[in-house]
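The values are calculated or read from the model by the stated rules, or taken from the named source; none is laboratory data. These numbers were taken from a predicted model, which means no experiment stands behind them. Here the Cβ positions follow ideal geometry from the backbone for every residue, glycine too, while neighbour counts run over all protein chains shown. Accessible surface is based on the protein model in full, side chains and every heavy atom, while ligands, DNA and RNA are left aside. Shrake-Rupley method; radii C 1.70, N 1.55, O 1.52, S 1.80 Å.
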Amino acid sequence: MKVVTTVKEVRDYVKQWKKNGETVGFVPTMGYLHEGHGSLITAARNNNDRVVVSIFVNPTQFNDKNDLVKYPRTLDADCKLLEACGATYAFA
């Protein structure tokens, strides 16, 4: 499992996979992953050749800026879960 950090990287990978006839599942998240996310990632993996999981803490989800600042960012732990569930890439 690899972490990619730019939209261009994700697009380039997806374009190549589709060119090769592979299917791609996408699971959008805000990180701080748990078993519920794991079940979505596993389902995507069971139904696709590749799985990309985005990790983006979206500021528009918070009406209190302090909550945004306090939101846990656990990329290392998230990547361990993604790898265990069979994700191909994390877009973070």
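A few comments on the model shown:
- Cα-based reach from Lys70 at 27 Å (exclusive), listing lysines while leaving out same-chain residues under 8 positions away: Lys2, Lys80
- Taken about its Cα centre, the chain carries a charge dipole of about 320 debye when Lys and Arg each add +1 at the Cβ and Asp and Glu each add -1 at the Cβ.
- Computed over the chain, relative contact order equals 42 percent, with contacts defined as Cα pairs under 8 Å that lie 6+ residues apart.
- Note on the chain: Cα-Cα pairs beyond 24 Å make up 22% of the total pair count.
- Between helix 75-85 and the chain: long-axis angle, C-alpha atoms, 0 to 90°, nearest 10: 40
- In this view, the solvent-accessible surface of Asp64, computed with a 1.4 Å probe and all protein chains in place, comes to about 60 Å².
- Estimated from helical segments only, the mean residue ellipticity of the chain at 222 nm is -14000 deg cm²/dmol, where each DSSP H run of four or more residues counts as -39500 (n - 2.57).
- Across the chain, the longest run free of exposed loop sites, meaning chymotrypsin sites (Phe, Trp or Tyr not before Pro) lying outside DSSP classes H, G, I, E and B with no more than 16 other Cβ atoms within 10 Å, spans 1-31.
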